[in-house]
Amino acid sequence: MKTDGSSRYDDLTLAELVEHALALNEGQLSAKGALVVSTERKTTVQRFIVNEPSVSDVIRADAQFHLLDPQVFKSIWERVKDDVVERSRYRIHAHMGVDPDIAVPLEITTLSAWHALSCHHLCHIPDTFNPREKPEWKLIWAPLASFGDAEILSDGGGVILIHVGKRRILMGGDLTTGEMRRTLLTLLGLLLPEKDTLPLHGAAAQGDGEITLFLGPAGTQKTTWALRCGQLIGDRGLSWSNAGLHRLADGCRLHLDQNLPISLDEALRFGTIAENLALENDRQPLLDDPETRSELKTTTHLVLPLSRLNATAESNTRGPSQLVIL
């Protein structure tokens with residue numbers, strides 16, 4: 001498979017994107033078929049949101065977001081867009097949200113095939129894109145080199161810029177897929193309250209007649225607890241309204257550890273992305289240190305379809321009957 005230096009690939013299938021990722025040496029296949037990629041674990045991420053009327057009453061400058069002048073964003077956007085057009089790139093049309101009432105249509109452009117592949121799991125790929133003709137958001141995920149000498153890149157780490165008024169998002173650097181999901185949840189946090197809907201960074205499960213919702217900061221094993229309660233409704237990609245809980249994506253991103261109640265053989269099949277998964281010489285997953293037999297300290301995440309887990313077939317349920325704060 002050859003790629004032209006300025007080709008654009010629109011809405012490739014999961015299999016085609018894996019093929020491109022391998023041809024471009026973006027990763028390697030594990031023995032089970034998952035695409036194993038490496039990401040920078042300690043990248044410092046700077047987050048900016050454009051200071052303009054549409055967000056002035058809900059956003060303030062704090063540790064999470066710095067305010068950015070609209071003209072600075074415009075200059076960087078044009079620079080990145082012009083650079084990306086000259087390269088081989090991937091464009092995915094997706095929704096953030098399965099429920100058409102709240103779904104946000106996205107046009108996502110990446111330079112890496114595996115970044116585009118992650119959209120198949122961390123967003124919803126609809127049969128028909130944007131049937132209600134809502135205003136579309138544009139997201140570009142590009143290397144820091146595409147940003148030129150922008151002053152906001154002072155520490156050389158990753159960067160995320162959001163312009164709500166223009167419906168544009170820029171992501172730059174060696175970021176994990178978790179940063180994309182976090183960014184899209186931030187976006188929904190700005191848009192969905194107007195629809196009396198709250199996006200959640202949590203996990204929910206259905207079992208024994210109960211709907212249990214787990215909320216808590218990162219590292220509190222929300223997904224592990226949810227999977228032990230029954231069928232997973234969604235993992236850190238949910239919305240909650242008077243109509244109930246709604247799934248926002250077709251897949252999820254899991255922190256792989258020994259306590260996660262999943263079938264590793266099923267989870268590591270073809271189409272799954274394994275971030276920073278250690279492999280043995282035969283490409284089998286290496287989860288334990290061969291000398292100490294203790295769990296490896298490498299942080300591994302799996303990005304995979306919910307269908308490979310014990311998950312509900314329906315994308316929406318009634319509201320939670322139990323709420324657990326971790």
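In this structure, I108 does not satisfy being in the same structural domain as G189 (by TED's automatic domain parsing), out of contact with any strand residue (DSSP E or B) (no Cβ under 6 Å at 6 or more places or on another chain) and crowded, with 17+ Cβ neighbours inside 10 Å.
Taken over the range 235-246, the criterion of being over 13 Å from N310 (Cβ atoms) and either crowded, with 22+ Cβ neighbours inside 10 Å or touching a Cys at 6+ places or on another chain (Cβ under 9 Å) (or both) is satisfied by R236, G237, L238, S239, L245, H246. Would you please name the residue that is modelled with the highest pLDDT, looking only at residues in the range 139-159 that are more than 13 Å from M171 (Cβ to Cβ) and assigned to a loop (DSSP other than H, G, I, E, B)? Out of the qualifying residues, it is G148.
Residues checked against (1) outside the structural domain of N51 (by TED's automatic domain parsing); (2) among the polar types (S, T, N, Q); (3) surrounded by fewer than 16 Cβ atoms within 10 Å (Cβ to Cβ):
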{"site": "R167", "(1), (2), (3)": "no, no, no"}
{"site": "E179", "(1), (2), (3)": "no, no, no"}
{"site": "L185", "(1), (2), (3)": "no, no, no"}
{"site": "D208", "(1), (2), (3)": "yes, no, yes"}
{"site": "P217", "(1), (2), (3)": "yes, no, yes"}
{"site": "W225", "(1), (2), (3)": "yes, no, no"}
{"site": "D250", "(1), (2), (3)": "yes, no, no"}
{"site": "L256", "(1), (2), (3)": "yes, no, no"}
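Scanning the range 188-211 for residues that are in contact with a Ser or Thr (Cβ under 7 Å, 6 or more places away or on another chain) and either assigned to a strand (DSSP E or B) or on the phi > 0 side of the Ramachandran plot (or both) returns D196, L198, P199, L200, A203, A204, A205, Q206, E210, I211.
Matching residues to (1) over 14 Å from Q64 (Cα atoms); (2) among the small types (G, A, S):
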site: I160; (1), (2): no, no
site: H163; (1), (2): yes, no
site: K166; (1), (2): yes, no
site: L175; (1), (2): yes, no
site: G178; (1), (2): yes, yes
site: R181; (1), (2): yes, no
site: T186; (1), (2): no, no
site: L190; (1), (2): yes, no
site: P193; (1), (2): yes, no
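Taken over the range 110-141, the criterion of being touching a helix residue (DSSP H, G or I) at 6+ places or on another chain (Cβ under 6 Å) and free of Cβ contacts under 8 Å to residues at least 40 places away in the same chain is satisfied by T110, W141.
The values are calculated or read from the model by the stated rules, or taken from the named source; none is laboratory data. Computed from a prediction, not measured in an experiment: that's the story for all the values here. Note: ideal-geometry Cβ built from the backbone for every residue, glycine included; neighbour counts use all protein chains shown.
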